[in-house]
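Presented below is the structure to which this report refers.
The values are calculated or read from the model by the stated rules, or taken from the named source; none is laboratory data. The model shown is predicted, which means the values in this text are computed figures rather than measured ones. Cβ placement follows ideal geometry from the backbone for every residue including glycine, while neighbour counts extend to all protein chains displayed. Ligands, DNA and RNA are stripped out before the accessible areas are found, and what is left, the full protein with its side chains, is counted by its heavy atoms. Shrake-Rupley method; radii C 1.70, N 1.55, O 1.52, S 1.80 Å.
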Amino acid sequence: SGLCVGLIIVFFTNAQGIAAHLLGGDELVNAAKLNRGNIMPVLANGAQADILPHYFTYISQSMPWMIVLLAVAAIAALHSTIAVFLTTTSGTLVRDIYINYLDPEADDSKQMLAARVYSCLLLLTALFLATYSMTAVALLGGLVLAFSFQLVPALLAVAWLPWLSRQAILLGVIAGLT
């Protein structure tokens, strides 16, 4: 399914770019009379990042219901992404902290309750940070990327380089994080 999603994203990204050229966003296409309309302003000298706002403006004027549909789709995409992250993180916390240190004899119902509590705590923490400290959100985003990249040697060791030992990977991660 990841391959299908990747192909869809590549297809629609290219379709947006080509459509911008054909809808009046390119001087050369306009001069050659190959454009299908002059809906878009000419996007030159770094103005290519304005493609989506121009699309949204045109769509809101011609089809207001489509803007509502796009907004609902964006909210649904955010919801599904946040749900996956919360579920994964709370499940990891339950397996690595709750079961190992707090309640090793926990049955399924206790584990589910702990996962729900961790999810609520994570959500409240994220909401607090997003509301009161955008600087912290930016810093955490940078740290996430750096910390994630530190796990690449571990992934390589598991998948392709079995001669890398656990101790070497752990020392490499510690050295990289300090």
Inset, instruction - Please list 133-145, 40-52 highest first by mean number of surrounding beta-carbon atoms within 10 Å per residue. - result: 40-52, 133-145
Legend entry - Cβ charges +1 (Lys, Arg) and -1 (Asp, Glu), total dipole of the chain, debye: 220
Inset, instruction - For region 86-101, take each phi angle, set θ = phi - 60°, evaluate the Karplus expression 6.51 cos²θ - 1.76 cosθ + 1.60, and give the result in whole Hz per residue in order, putting x for glycine and proline. - result: 5, 5, 5, 5, 5, x, 5, 5, 5, 5, 8, 10, 5, 6, 6, 10
Legend entry - Dipole magnitude (debye, nearest 20) for region 82-127, charges at Cβ of Lys, Arg, Asp, Glu: 200
Inset, instruction - In whole Å, largest first, what are the principal axis extents of the Cα atoms in the chain? - result: 72, 42, 34
Inset, instruction - Calculate, for region 1-114, the solvent-accessible area per residue in square angstrom, rolling a 1.4 angstrom probe over the heavy atoms of the protein chains. - result: 74
Legend entry - Rounded percent of accessible protein surface that carbon and sulfur make up, region 1-102, 1.4 Å probe: 71
